[in-house]
Amino acid sequence: MEYRILKYFLTVAREENITRAAEILHISQPTLSRQLMQLEEELGVPLLRRGRHSTTLTGEGMLLRRRAQEIIALTEKTEQEFRTDTEEIGGVIAIGSGEANTMRTLAGIMRSFSELYPKVKYDIYSNDADNVKERLERGMLDIGILLGTTDISKYDSIKMPGEERWGAMVSAQSPLAKKAYIEKEDFAGINVFFAKRGVSQGVADWFGEYYDKINIYATYNLLYNASTLVDCGLGAALCIEGAASLYKNPNVIFKPFYPELSTASVLVWKGHQPMSRAVAKFIEFIKEKLRSDKNHVK
């Protein structure tokens, strides 16, 4: 599969019309049609349903679209790294993270780093730990920020300062909103929305034997939609305080667990793989900045 043909395919998938896609690509419609048929012959499966007025993707076409987007993103990232001026640090650093206060710490480091290397830009990807690790493995991310007891044995890492406190986002109308903190027994009889990575981060252990008694109504990876369910009075979302603080909604309130449960954050990268000069400089800068801050506190 050629890079150029994959871009042709993605344009057709986006426009859902071969004629319009050909105009955008500045090639003739017959040429584009022929290239797409050759791609289908190469893969041995139909990718497009060709109608009189529109072109849609088959199931195989939807799979190729996802893969093509990843291939093109990785190719463009690689090209950007090699286009960087050899005398000056530049390029794009791809960072993946969940919703956490750790990003505030990283934001301050990024600001200081940009003062030294203004040509460095950033691509921020937000998702849960599983998706961040998957993208690290595929080379689509340079750095990931992970929470809790997630297995990081495959990575080099830096422990980030501070910890994330666990609790629940509850409706302001709920009786739980009047409590200073929430105990495991308080979840009896209510719907619970559980972070997918919550079990490995020790939340199930915090509940202990009571875990089997709670009603896990839904799971989520990022908090926004779960907070909407809370706002609608559908239940309570288990989350970290740093994620809850991102949503300034007076109708939902964060209440910490008691006994307290906290989770540390780690910044990880694949140390055995080659990296761009910008990424290498950024990681060293983070180490120095955190070491300096720690010594300053002492």
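The values are calculated or read from the model by the stated rules, or taken from the named source; none is laboratory data. Not measured: the values here are computed from a predicted model. Neighbour counts run over all protein chains shown; Cβ positions are idealised from the backbone, glycine included. Heavy atoms of the whole protein, side chains included, go into the accessibility calculation; ligands, DNA and RNA do not. Shrake-Rupley method; radii C 1.70, N 1.55, O 1.52, S 1.80 Å.
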| task | Return the loop-located GluC sites (Glu not before Pro) in the stretch 114-196 (DSSP other than H, G, I, E, B) with at most 15 other Cβ atoms within 10 Å of their own Cβ; answer none if there are none. | result | 183
| query | With the dipole of the chain worked out from charges on the C-beta (+1 for Lys and Arg, -1 for Asp and Glu) around the Cα centre, which of 195, 45, 254 lies farthest toward the positive end? | reply | 254
| remark: What helix-only [θ] at 222 nm does the chain give? Using -39500 (n - 2.57) per DSSP H run of at least 4, over all residues, to the nearest 500, the answer is -13000 deg cm²/dmol
| How about the stretch 228-297: which trypsin sites (Lys or Arg not before Pro) there are in a DSSP loop, with at most 14 other Cβ atoms within 10 Å of their Cβ? | 248
| In what sequence, largest accessible area first, do 272, 26 appear using a 1.4 Å probe? | 26, 272
| said: So if each residue of separation counts as 0.36 nm, and I subtract the Cα-Cα distance between residue 277 and residue 157, what length gain in nm does that give? | reply: 41.4 nm
| request: Based on a Kirkwood Rh over C-alpha pairs, give the Stokes-Einstein translational diffusion coefficient of the stretch 1-114 at 37 °C and viscosity 0.692 mPa s in µm²/s. | output: 195
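As an exercise, take the mean of 1/r over every pair of distinct alpha carbons in the chain, invert it, and state the Kirkwood radius in angstroms. Show your work: numbers first, answer last.
Working: mean 1/r = 0.0449 Å⁻¹.
Computed over Cα pairs of the chain, the Kirkwood hydrodynamic radius comes out at 22.3 Å.
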| Surface accessible to a 1.4 Å probe, per residue, for the residues of the chain, Å² | 54
| remark: Computed on Cα atoms only, the convex hull of the stretch 180-280 has an orientation-averaged projected area in nm² of 8.7
| field | Per-bin percent of Cα-Cα distances, the stretch 129-201 [5 Å] | value | 3, 11, 20, 17, 14, 11, 10, 9, 5, 0
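Given a 1.4 Å probe and every protein chain left where it sits, what share in percent of the accessible area of the chain is carbon and sulfur?
50
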| Dipole moment magnitude, nearest 20 debye, the chain about Cα centre, only Lys, Arg, Asp, Glu C-beta charged | 420
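With a 1.4 Å probe and all protein chains kept in place, how do 72, 27 rank by accessible area, largest first?
27, 72
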| field | Relative contact order, percent, the chain [alpha-carbon distance under 8 Å, six or more residues apart] | value | 20
| Setting aside same-chain residues fewer than 8 positions from residue 119, which aspartates and glutamates have a Cα under 15 Å from its Cα? | 81, 85, 87, 88
